[in-house]
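The values are calculated or read from the model by the stated rules, or taken from the named source; none is laboratory data. The shown structure was predicted, so the numbers you read here are calculated from the model rather than taken from an experiment. Because the Cβ atoms are built from the backbone with ideal geometry, glycine has one as well, and the counts that use them run over all protein chains shown.
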Amino acid sequence: MTITAVWSIASTADANAGDGLSVTEPGEVDDLVRRLAEPNAGPATIWHEGREPADSATGMLDHDVVAAVSGGYGYLSHIDTDHDYAVLDGDPESPALISEDAEFPAGSGVDPAVLAAALRDFLETGRRPKAVEWRTLDW
């Protein structure tokens with residue numbers, strides 16, 4: 001299985017700066033989480049290469065997964081055809097994370113090791129991770 005992540009990099013020199021990584025082995029997830037924790041790394045859009053598109057004519061995905069690391073916390077959101085939009089049910093002390101690409105409410109941040117465990121679950125199954133607790137949101 002493979003998951004692919006792409007994210008922006010805040011840069012005054014390059015308005016289009018970004019990075020990405022395809023992960024095929026569970027051990028590579030830790031590298032992804034470390035890279036998302038780097039200064040100026042934005043939230044990553046992540047997709048599972050093994051899932052069928054929702055619309056084969058356009059290639060539109062049937063899921064939307066976003067991960068971020070900020071201030072010592074990991075954040076993850078998920079929506080697919082079987083689940084409503086949800087974020088991790090995290091540490092009540094974790095702050096909200098708001099960027100151009102994603103919004104995570106306060107209390108949805110977890111230890112980055114928990115984020116890594118959730119992403120390994122997603123890599124293995126292609127489904128919403130069961131290794132973590134979720135909180136459904138109405139936006």
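Taking residue 6, is it aliphatic (A, V, I, L, M), out of contact with any Gly (no Cβ under 8 Å at 6 or more places or on another chain) and not in a loop (DSSP other than H, G, I, E, B)?
no
Do you know which residues across the stretch 127-139 are within 25 Å of residue 24 (Cα to Cα) and not in a loop (DSSP other than H, G, I, E, B)?
Keep residues of the stretch 127-139 that are within 25 Å of residue 24 (Cα to Cα), which gives 127-134.
Correct list: 134 only.
Those residues that are hydrophobic (A, V, I, L, M, F, W, C) and crowded, with 23+ Cβ neighbours inside 10 Å, I need them from the stretch 71-86; list them, please.
Step one: list which residues in the stretch 71-86 are hydrophobic (A, V, I, L, M, F, W, C), which gives 76, 79, 86.
Answer for the stretch 71-86, where residues must be hydrophobic (A, V, I, L, M, F, W, C) and crowded, with 23+ Cβ neighbours inside 10 Å: just 76.
In the stretch 50-66, how many are touching a His at 6+ places or on another chain (Cβ under 7 Å) and either more than 17 Å from residue 101 (Cα to Cα) or not in a strand (DSSP E or B) (or both)?
1
Find all pairs meeting these conditions: Cβ atoms under 7 angstrom apart; at least six residues apart or on different chains; first residue within the stretch 31-58 and under 17 Å from residue 71 (Cα atoms); second residue assigned to a loop (DSSP other than H, G, I, E, B).
Correct list of pairs: 40/10; 40/11; 42/10; 42/99; 42/101; 43/99; 43/101; 43/102.
Anything in the stretch 22-32 that is surrounded by fewer than 18 Cβ atoms within 10 Å (Cβ to Cβ) and assigned to a helix (DSSP H, G or I)? List them, or say none. Lay out the reasoning, then the answer.
Just the residues of the stretch 22-32 that are surrounded by fewer than 18 Cβ atoms within 10 Å (Cβ to Cβ), to begin with: 22, 24-28, 30-31.
Correct list: 28, 30, 31.
Can you name every residue in the stretch 50-70 that is exposed (fewer than 13 other Cβ atoms within 10 Å of the Cβ) and of a type outside the set (A, V, I, L, M, F, W, C)?
50, 52, 55, 56, 58, 59 - these are the residues of the stretch 50-70 that are exposed (fewer than 13 other Cβ atoms within 10 Å of the Cβ) and of a type outside the set (A, V, I, L, M, F, W, C).
Could you say whether any residue in the stretch 76-83 is of a type in the set (S, T, N, Q), part of a strand (DSSP E or B) and under 15 Å from the mean Cα position of the chain (by Cα)? Write out each step before concluding.
Initially, the stretch 76-83 is screened for residues of a type in the set (S, T, N, Q), giving 77, 81.
Subsequent filtering for residues that are part of a strand (DSSP E or B) retains 77.
With the extra rule that they be under 15 Å from the mean Cα position of the chain (by Cα), the set shrinks to 77.
Yes - at least one qualifying residue is present in the stretch 76-83.
Do we find that residue 47 is in contact with a Gly (Cβ under 9 Å, 6 or more places away or on another chain) and part of a strand (DSSP E or B) in this structure? Give the derivation first.
Working: in contact with a Gly (Cβ under 9 Å, 6 or more places away or on another chain): no; part of a strand (DSSP E or B): yes.
When the stated conditions are applied, residue 47 does not pass them.
Pairs needed: first member in the stretch 120-138, polar (S, T, N, Q); second member anywhere, assigned to a loop (DSSP other than H, G, I, E, B); C-beta distance under 9 Å; at least 6 residues apart or different chains.
From the stretch 120-138, the pairs are 125/1.
Restricting to the stretch 104-126, what's the tally of residues that are modelled with pLDDT of 95 or more and outside any helix (DSSP H, G or I)?
The number of residues fulfilling the criteria is 8.
In the stretch 119-136, how many residues are β-branched (Val, Ile, Thr) and within 10 Å of residue 48 (Cα to Cα)?
Final tally of qualifying residues: 1.
Please find, among 95, 112, the residue that is touching a Gly at 6+ places or on another chain (Cβ under 8 Å), under 22 Å from residue 9 (Cβ atoms), surrounded by fewer than 18 Cβ atoms within 10 Å (Cβ to Cβ) and not basic (Lys, Arg).
Within the list 95, 112, the selection yields 95.
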